[in-house]
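Right, one structure below, let's go through it.
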Amino acid sequence: MLRTPTHDTRLRILEWLKDPVAHFPPHHGTDLLADGVPADAVAAKLGVPGPVAHTHLTLLTALGLLRPRRIDGRVHYRRDEVRVAEVARMFEKGWQRPG
């Protein structure tokens, strides 16, 4: 689990979601900051099929770094800033793998 959030693609997703308005087009009827970014917009920005983006988004969600929200049948994602800060502190302190 320690290495998975550092995958370049996942780091890019986290960076984009830090300022979604700067990185994603507006989505009708939703607020990118409050509601999050639809999964298909992340896939389009990455240039990958939906299932590939879904794999990255699911992992980041499982780690608690993203919060999903279903709106009109689509899942939107936004960063959990508290959890992102916690993980960043762990890495800054030189968090080591057990064993």
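Each value in this text was obtained by applying a stated rule to the coordinates, not by laboratory testing. Computed from a predicted structure; not experimentally measured. Cβ sites come from the backbone with ideal geometry, for glycine too, and all protein chains shown count toward neighbours.
With runs of 4+ DSSP H residues as the only contributors, calculate the mean residue ellipticity of the chain at 222 nm using -39,500 (n - 2.57) per run, divided by the residue total and rounded to the nearest 500.
-14500 deg cm²/dmol
Whole-Hz Karplus ³J(HN,Hα) for the stretch 85-93, in order, using 6.51 cos²θ - 1.76 cosθ + 1.60 and θ = phi - 60°, x for Gly and Pro?
Karplus values, whole Hz, x for Gly and Pro: 5, 4, 5, 4, 5, 4, 5, 5, 7.
Could you check which residue among LEU33, LEU65, LEU17 shows the biggest mean-square fluctuation in a GNM of the chain with a 10 Å Cα cutoff?
LEU33
How much FRET efficiency would the formula 1/(1 + (r/R0)^6) give for VAL82 and LEU11, where r is the Cβ-Cβ distance and R0 is 22 Å, rounded to 0.05? All intermediate terms of the calculation are to be shown ahead of the outcome.
Numbers: r = 18 Å, r/R0 = 0.84.
Working from the Cβ atoms, E equals 0.75.
Using a 10 angstrom Cβ neighbour count of at most 14 plus a DSSP loop assignment to flag exposed trypsin sites (Lys or Arg not before Pro), which longest range of the chain is free of such sites?
Numbers: sites that count: ARG3, LYS93.
After excluding every exposed loop site, the longest remaining stretch is 4-92.
Among GLY50, LEU11, ALA22, which residue has its Cα positioned farthest towards the positive end of the charge dipole of the stretch 4-92, with +1 placed on the Cβ of Lys and Arg, -1 on the Cβ of Asp and Glu, and the dipole taken about the Cα centre?
GLY50
With θ taken as phi - 60° and the coefficients 6.51, -1.76 and 1.60, list the Karplus ³J(HN,Hα) couplings across the stretch 10-26 in order, rounded to whole Hz; mark glycine and proline as x.
With coefficients 6.51, -1.76 and 1.60, one gets 5, 5, 4, 4, 4, 5, 4, 6, 5, 9, x, 5, 6, 10, 10, x, x Hz.
Treat every Asp and Glu Cβ in the chain as -1 and every Lys and Arg Cβ as +1, leave all other atoms uncharged, and give the resulting dipole magnitude about the Cα centre to the nearest 20 debye. Walk me through the numbers before you get to the answer.
On the way: 15 positive and 11 negative charges, 67 e Å.
For the chain, the charge dipole is close to 320 debye.
Arrange the following residues from fewest to most other Cβ atoms within 10 Å of their Cβ: HIS28, HIS23, HIS76. Intermediate results must be reported in sequence, preceding the final value.
Values: HIS28 5, HIS23 17, HIS76 24.
Arranged by neighbour count, lowest to highest, HIS28, HIS23, HIS76 become HIS28, HIS23, HIS76.
Please work out how much length the chain gains when fully extended from VAL52 to ASP31, using 0.36 nm per residue of separation minus the C-alpha to C-alpha distance, in nm with one decimal.
Working: separation 21, 0.36 × 21 = 7.56 nm, distance 2.44 nm.
Length gained between VAL52 and ASP31: 5.1 nm.
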